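Read the structure below first, then the notes.
The values are calculated or read from the model by the stated rules, or taken from the named source; none is laboratory data. No experiment lies behind these values; they were computed from the predicted model shown. Note that each Cβ is placed from the backbone with ideal geometry, even for glycine, and that neighbours are counted across all protein chains shown. Accessible surface areas use protein heavy atoms only, side chains included; no ligands, DNA or RNA. Shrake-Rupley method; radii C 1.70, N 1.55, O 1.52, S 1.80 Å.
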Amino acid sequence: MALAKDRAVRGLLFDRDDTLVIDVPYNADPRRVVPVPGAHRAVERARAAGLRVGVVTNQSAIAKGLATREQVDATNARVDELVGPFDVWCVCPHEAADGCSCRKPRPGMVLDAAERLGLDPAELVVVGDIGADVGAAVAAGAQGILVPTPRTRTEEVEAAGTVAGSLDEAVSLVLARVPAAQA
């Protein structure tokens with residue numbers, strides 16, 4: 001499936017772990033950040049097309065006491081250096097049991113990113129590797145693209161409206177929806 005043809009896209013939000021960088025569970029060490037192959041190029045293509053770009057990431061290591069917010073911020077800064085730069089970072093520091101409005105699949109981070117970017121959520125696409133990423137997009141009124149990894153569950157792939165085989169393919173789908181005047 002493809003993105004909705006009647007919706008112009010002006011912003012692109014990415015999940016962090018297993019989407020932009022190789023997932024290191026609860027990573028709070030900038031030295032352990034390794035980009036997913038092609039991630040820098042994909043983000044660069046989006047920026048060159050005039051899209052606002054950002055990251056929306058669940059980081060429960062903070063709530064679990066496995067990392068401080070400062071450590072997670074330093075790790076995110078390294079991602080920004082290697083893959084970005086990004087216009088906005090939204091981080092959920094909570095655990096699933098906390099019941100916050102920001103933890104994906106809830107829409108809080110997507111709505112926050114839209115506001116901070118000065119965009120309507122309908123102008124955003126969220127790219128991620130699990131159903132919660134797509135769920136957050138849909139809950140916020142944005143569109144989602146799932147880029148499955150070996151850890152993505154079959155039912156998440158089946159439920160996703162748009163699935164891409166790679167981050168580069170996901171960005172190509174998005175770029176096809178960028179208004180000509182913007183690109």
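Once you list every other residue whose beta carbon is under 13 Å from the beta carbon of V157, what net charge do they have if Lys and Arg are +1 and Asp and Glu are -1?
-3
Go through region 100-116 residue by residue and turn each phi into a ³J(HN,Hα) via Karplus (6.51, -1.76, 1.60, θ = phi - 60°); whole Hz please, and just put x for glycine and proline.
6, 8, 9, 5, 4, x, 6, x, x, 5, 5, 5, 4, 4, 4, 4, 5
Kirkwood Rh and Cα-based Rg: tell me the resulting Rg over Rh for region 103-183, rounded to two decimals.
0.98
Need one word for region 38-142: rounded, prolate or oblate. Basis is the Cα gyration tensor (sqrt eigenvalues a ≥ b ≥ c); a/c below 1.5 gives rounded, then a/b vs b/c decides.
Cα axes put region 38-142 in the oblate bin.
Using modelled backbone amide H atoms (1.01 Å from N, in-plane), which distant-in-sequence or interchain residues come within less than 5 Å of W89's amide H?
V55
Show me, for region 135-149, the HN-Hα J-couplings you get by feeding each phi into the Karplus relation (A = 6.51, B = -1.76, C = 1.60, θ = phi - 60°), rounded to Hz, glycine and proline as x.
Once rounded to whole Hz, the list reads x, 5, 4, 4, 4, 8, x, 9, 10, x, 10, 9, 10, x, 10.
Relative to the longest principal Cα axis of the chain, at what angle does helix 69-83 sit, 0 to 90 degrees, rounded to 10?
40
Percent relative contact order of the chain, based on C-alpha pairs within less than 8 angstrom and at least six residues apart?
After rounding, I find 27 percent.
Quick test of your reading: applying the under-4.7 Å Cβ rule, which cysteines of the chain are isolated?
Cysteines of the chain left without a disulfide-compatible partner: C90, C100.
Given a 1.4 Å probe and every protein chain left where it sits, what share in percent of the accessible area of the chain is carbon and sulfur?
52
Amide H to amide H, which residues 5 or more places from L12 or on other chains are under 5 Å from it, using H placed in the peptide plane?
R52, V53, G54, V125
What 222 nm value per residue comes from the helices of the chain, counting each DSSP H run with n ≥ 4 as -39,500 (n - 2.57) and dividing by all residues, nearest 500 deg cm²/dmol?
-9500 deg cm²/dmol
Where the only charges are on Cβ atoms (+1 Lys, Arg; -1 Asp, Glu), what is the dipole of region 26-183 about its Cα centre, to the nearest 20 debye?
200
Which ³J(HN,Hα) values, rounded to whole Hz and listed in residue order, are derived for region 14-28 from phi using the Karplus coefficients 6.51, -1.76 and 1.60 in 6.51 cos²θ - 1.76 cosθ + 1.60 with θ = phi - 60°, glycine and proline given as x?
Working through the residues one at a time gives 10, 6, 8, 7, 6, 10, 9, 10, 4, 6, 10, x, 6, 5, 10 Hz.
Let me make sure I get this right: for region 81-128, a, b and c are the square roots of the gyration tensor eigenvalues over alpha carbons, sorted descending. Under 1.5 in a/c it's rounded, otherwise prolate if a/b > b/c, else oblate. Which is it?
Oblate shape, in that a/c is at least 1.5 and b/c is the bigger or equal ratio.
Please tell me the relative contact order of region 134-183 in percent, rounded to the nearest whole number, where contacts are Cα pairs under 8 Å and at least six residues apart.
29
Which of these values of log10 I(q)/I(0) by the Debye sum over Cα atoms at q = 0.09, 0.12, 0.14, 0.15 Å⁻¹ was calculated from the structure shown: (i) -0.37, -0.62, -0.81, -0.92; (ii) -0.30, -0.55, -0.77, -0.89; (iii) -0.27, -0.49, -0.68, -0.79?
(iii)
Counting heavy atoms of the protein chains only and a 1.4 Å probe, report the per residue accessible area for the chain as a whole number of Å².
Dividing the accessible area of the chain by its residue count gives 45 Å².
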